[in-house]
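Enquirer: First the structure, which I've put down as structure tokens, then a few questions once you've had a look.
Just so you know, all these numbers are worked out from the coordinates, no wet-lab data involved. No experiment lies behind these values; they were computed from the predicted model shown. So basically every Cβ, Gly included, is an ideal-geometry build from the backbone, and we count neighbours across all protein chains shown.
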Amino acid sequence: MKLPARLLRVWARLERRPEFALLRTLRFTLAATFLGMLLVILLVAGIAGTSIIRSLIETSTEDTLREELAALKGYLSLDQGIPTLKAEDEDDRAEIARLTRVYVIADSAGHVKKGTSDAAFYELNDSAAIRHDVNLIRATQPQQNVFRIIKGDEDGPYKIIASIVYDDRHAAYYVAVGRTIAGDEAVLKNFRRDYLIFLAVATAFAAAASWYSAGRALHSLQSVEQAAKDITGTNLGLQIPKRGANDELDRLIGTFNEMSRRLKASFDQVRQFSTDVSHELRTPLTAIQGQLEVALFTAKQPEQLREAIENALQDVERLSNLIRALLLLSQSETGELRMNKSRLDLAELTSELVEQFQIPAEAARLRLTNEASGPVICEADRTQMERLVTNLLSNALKYTPPGGWIRVAAANAGANVELIVEDSGLGIAREHLSRVFERFYRVPDSNPEKGLGLGLSFVASIVRAHGGEIQVASEVGRGTKFVVTLPAGAPAPQPAPLLTAPEA
């Protein structure tokens, strides 16, 4: 366990060095992973192949030795304890000569009766080894064969098969034959050599192929990288073409393109917001400056100065309202607006606000009504909901001509609650409906003092902050209808019924 940990520490140190920065690249990681897996597979295949070939060769050799031992036993005669190899014709003598090139016949005490006399085969004729084999055969099974390897002559090594035969007096004799396995060892050696050559060539080819394949696979990533480098303030919406493979890289490119579109929309919104704010702030400031300059250079009476100051204060109030609205809108859109949600009866809240707006509605000769059929409970911030209803009612008052009507309703709608503010006012043209909730957007009107274009933006932000949605339907000359849908609150816990004692 210590060696792999040490190698990992050395590798980590190498990766941190600047000259080995290539080791930290994704391309190198992918190529090295593929190459490492291939090498493991090839090594396992080589080891398994060597084991299989060795097993097949050994099985074949042992089968051949069993056949030769059986053939030698067929020629063997043990008359009165003297082993003799009998041949009836020339073919038998030739076969016996082949079988007895490496052989030995001995009694159970290890005394050699016949056998190969070459001094190089001393291990074959060793008495101790013979007695060991005899004892091993007797301990296992009399008909069992045993195998062992001896060095032999220059053609060695040799594999030996030994067995026991009995004469007519039931005396045991040790019989063994052998054959060289140098050819078998040469086959295994050549296989290992050829496989190592193949492994080296395959590794070099796989390294080149994996490096090339990783580079091709990461080409799209490089295009993403280049696109990210090329993005500036003038081309935030830069798009990268997909490869059409619908794989992980295509999904990454799609995500990058979507992010690029969102960034462009966000920056465009920021630019437009900056432009709109500058315009809205400049108008009251210019008016204040002009009024004060006129009063400073032309006013002769205190009444003239008082009038200029009153006009300037009105513009200051308008400027203050604008800044306050912008601050609230910014807080709501960035999630910084504090939301103190609690159980709120929306019907009760709308009833209170409608009551407060009755006086200005009557002054504008409008009929303002509230419709509610019982409690309408939701989880909401009371302060923000008051601002929402107030903005909708203020808009309705501004854009409804005298003699018209305004209707407010709160109702339960399954898992949600609905707030409806409807009027019989001027209405909004179809082409403007999709933009009425944008900041500073005002439907073209002959009266520029109708509003700053922030009220409905603030309403939409409050609705989103509560997890709801707002819809608008309108027709020019017939009025406008706003429908706010919010999640309903959990039902109030019901008090447990009182237990009464049973009557006696």
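Enquirer: Convex hull over the alpha-carbon atoms of region 137-207: what's its volume per residue in Å³?
Expert: Values: hull volume 9.0 nm³, N = 71.
It is 126 Å³ per residue.
Enquirer: Another one. Where a Cα-Cα gap under 13 Å defines reach, which aspartates and glutamates qualify for Lys242, not counting those fewer than 8 residues away within the same chain?
Expert: Asp250, Glu258
Enquirer: Which trypsin sites (Lys or Arg not before Pro) does region 72-141 hold that lie in a coil by DSSP with at most 10 other beta carbons within 10 Å?
Expert: Taking region 72-141 and a limit of 10 other Cβ atoms within 10 Å, no loop trypsin sites (Lys or Arg not before Pro) are found.
Enquirer: Check cross-link reach from Lys398 to the aspartates and glutamates: straight Cα distance under 16 Å, and skip same-chain residues fewer than eight apart.
Expert: Glu362, Glu422, Asp423, Asp445, Glu449
Enquirer: Sort out for me the Cα centre separation of region 292-316 from region 51-119, rounded to whole Å.
Expert: The two parts, judged by their Cα centres, are 136 Å apart.
Enquirer: Next question. Taking 19 Å as the cut-off for C-alpha to C-alpha distance, list the pairs among Lys229/Lys264; Lys86/Lys151; Lys113/Lys159; Lys86/Lys114 that go past it. Display every interim value, and only then the final one.
Expert: Details: Lys229/Lys264 16 Å; Lys86/Lys151 29 Å; Lys113/Lys159 21 Å; Lys86/Lys114 14 Å.
Table pairs above 19 Å Cα-Cα are Lys86/Lys151; Lys113/Lys159.
Enquirer: Got a sec? How would Thr369, Thr61 order by Cβ neighbour count within 10 Å, fewest to most? List each step's numbers first, then the result.
Expert: On the way: Thr369 12, Thr61 18.
Exposure proxy ranking, most exposed first: Thr369, Thr61.
Enquirer: Enumerate the amide H contacts of Leu366 below 5 Å, restricted to partners 5 or more residues apart or on another chain; note that Pro and chain-start residues carry no placed amide H.
Expert: Gly403
Enquirer: Which far-off residues, 5 or more places away or on another chain, put their amide H under 5 Å from the one on Val102, with H placed in the peptide plane?
Expert: Placed amide hydrogens put Gly178 under 5 Å from Val102.
Enquirer: Calculate how many DSSP beta bridges within region 339-487 are antiparallel, expressed in % of all such bridges and rounded to the nearest 5.
Expert: Values: 27 of 33 bridges.
Roughly 80 percent of the beta bridges in region 339-487 run antiparallel, per DSSP.
Enquirer: Sticking with this one: Compute the Cα gyration tensor for region 44-105, then decide on rounded, prolate or oblate, letting a ≥ b ≥ c be the square roots of its eigenvalues: rounded whenever a/c is under 1.5, prolate when a/b is larger than b/c in the other cases, and oblate in all that remain.
Expert: Numbers: a/c = 4.56, a/b = 2.91, b/c = 1.56.
It is prolate, given that a/c is not under 1.5 and a/b is the larger ratio.
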